[in-house]
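I am attaching a structure below and will ask some questions about it afterwards.
The values are calculated or read from the model by the stated rules, or taken from the named source; none is laboratory data. Note that the coordinates shown come from a computational prediction; the quantities given were computed from them, not determined experimentally. No Cβ is skipped: glycine too gets one built from the backbone with ideal geometry, and neighbour counts run over all protein chains shown. Quick note on the areas: whole protein, heavy atoms, side chains included, nothing else; ligands and nucleic acids left out. Shrake-Rupley method; radii C 1.70, N 1.55, O 1.52, S 1.80 Å.
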Amino acid sequence: MTHPSDTTSYRDIKRIVMERIRSGIWQPDTLVPNEQDLAEEFSCTRTTVNRAMRELADEGYLERRRKAGTRVLSAPLRQARFTIPLVRDEVEATGAAYRYALISAENLPAPEWLSARLTLQPAQEVLHVRCMHYSNNTPFQYEDRWIVIDSVPEVANADFTAIGPNDWLVQTVPFTNVELTFLASRADTQLAGFLDVPEGEPVFTAERITWLQGRPVTFAKLFFAAGYRMTTQI
């Protein structure tokens, strides 16, 4: 059986928990140790344990109930779920070093196209953030994001010089609905420079809109460098 260390990550915890479930150490319908006990066992923070257990619950292996604890499900629930990916995780999963760079962040009245897309009030204030993500100092993704300030007032105090807006939003704001569109677009002069591709080159592009209880939170357009692959498993 695998033993954790003081550098245990949430992925390590997920793997160890799955080993215990599959080997029968943790039987179906039985309660598992609470997060504090697991954090002490794994020599990590409760936040790390919480993420691991939350993802295993989302994947259908555990059931978490407030005040009732977490138990092993007798039969895993296979469901189609959407988790917003973190670019850092995508890059580091390939064994490469991740680097982030902020290009600009400014408060603006929402342009007409964005107001129409998100059903905003005319000239409603939004935060426009542009940034780059790198894999071993090679361009990986150019992120062009708009955040609705009325929906996320905490963003007024956010500092995106060291952390990307997607990472910040995932940590700070939940979402209840998401619209995801994939398309190919051609690199204009500016995008070609950021991604180091020829001008006019087709670029894999993703558009993502998230809402919280019917309120638009963010619209992001993500442009990926050549060679990017997206795989989904259900």
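Rank Pro122, Ile163, Leu56 by how far each Cα sits towards the positive end of the charge dipole of the chain (+1 on Lys, Arg Cβ; -1 on Asp, Glu Cβ) and give me just the farthest.
It is Leu56.
Under a Cβ-Cβ cut-off of 12 Å, what is the net charge of the residues other than Arg88 that fall near it, where Lys and Arg count +1 and Asp and Glu count -1? Working shown, then result.
On the way: positive: Arg99; negative: Asp89, Glu90, Glu92, Asp167.
Once all neighbours under 12 Å are counted, the net charge is -3.
Tell me, what is the 1.4 Å probe accessible area of Asp188, in Å² to the nearest 10?
Its accessible surface works out to 80 Å², give or take rounding.
Of all accessible surface on the range 121-226 at a 1.4 Å probe, what whole percent is carbon and sulfur? Mind showing how you got there, number by number?
On the way: 2490 of 5010 Å².
Percent of accessible area from carbon and sulfur atoms in the range 121-226: 50.
Looking at (i) 20.3, 59; (ii) 23.3, 70; (iii) 17.0, 52, which value of Rg and Dmax of the Cα atoms in Å comes from a calculation on the structure shown?
Here Rg and Dmax of the Cα atoms in Å agrees with entry (i).
Let me ask something else. In terms of modelled amide H atoms, which long-range or inter-chain residues lie less than 5 Å from the amide H of Leu212?
Amide H neighbours of Leu212, under 5 Å, 5+ apart: Thr176, Val217.
Next question, about the same structure. Rule-of-thumb check for the range 154-234: C-alpha Rg over 2.2 N^0.38 Å?
Values: Rg = 15.0 Å, N = 81, 2.2 N^0.38 = 11.7 Å.
It is 1.28.
Which value, in Å² and to the nearest 10, is the accessible area of Ser104 when all protein chains are kept and the probe is 1.4 Å?
30
Take every Cα pair under 8 Å in the range 43-177 that's 6+ residues apart, average their separations, divide by the length, and report that relative contact order as a whole percent.
17
If you put +1 on each Lys and Arg Cβ and -1 on each Asp and Glu Cβ, how big is the dipole of the chain around its Cα centre, in Debye rounded to 20?
Numbers: 25 positive and 30 negative charges, 170 e Å.
It works out to roughly 820 debye.
How large is the dipole of the range 107-234 about the Cα centre if only Lys and Arg carry +1 and Asp and Glu carry -1, each at its Cβ, rounded to the nearest 20 debye?
On the way: 8 positive and 14 negative charges, 57 e Å.
Here the size comes out at about 280 debye.
Another question, if that's okay. Accessible area per residue of the chain at 1.4 Å probe, in Å²?
Value returned for the chain: 57 Å² of accessible area per residue.
What is the chain's relative contact order, in percent, from Cα pairs under 8 angstrom and six or more apart in sequence? Working shown, then result.
Details: 385 pairs, mean separation 31.0, N = 234.
RCO, the chain: 13 percent.
I'd like the Kirkwood hydrodynamic radius of the range 53-145, using the inverse of the mean 1/r over distinct C-alpha pairs, in Å. Spell out each step's value before the answer.
Details: mean 1/r = 0.0586 Å⁻¹.
That comes to 17.1 Å for the range 53-145.
Over its Cα atoms, what ratio of radius of gyration to 2.2 N^0.38 Å does the range 175-222 give?
Details: Rg = 13.7 Å, N = 48, 2.2 N^0.38 = 9.6 Å.
Its radius of gyration relative to the 2.2 N^0.38 Å reference: 1.43.
Using only DSSP helix segments of four residues or longer, with each worth -39500 (n - 2.57), what per-residue ellipticity at 222 nm results for the chain after dividing by its residue count and rounding to 500?
On the way: 7 runs with 63 residues, N = 234.
The helix contribution divided over the chain gives -7500 deg cm²/dmol.
Rounded to whole Å and sorted largest first, what semi-axes of the equivalent ellipsoid does the C-alpha gyration tensor of the range 93-195 yield via the square root of 5 times each eigenvalue?
Values: eigenvalues 121, 62, 39 Å².
Computed over the range 93-195, the values are 25, 18, 14 Å.
What trypsin sites (Lys or Arg not before Pro) in the range 154-234 are in a loop by DSSP, with at most 11 other Cβ atoms within 10 Å of the Cβ? Before the final figure, lay out the partial values.
Details: sites: Arg186, Arg208, Lys221, Arg229; in loops: Arg229.
Sparse-neighbourhood loop trypsin sites (Lys or Arg not before Pro): Arg229.
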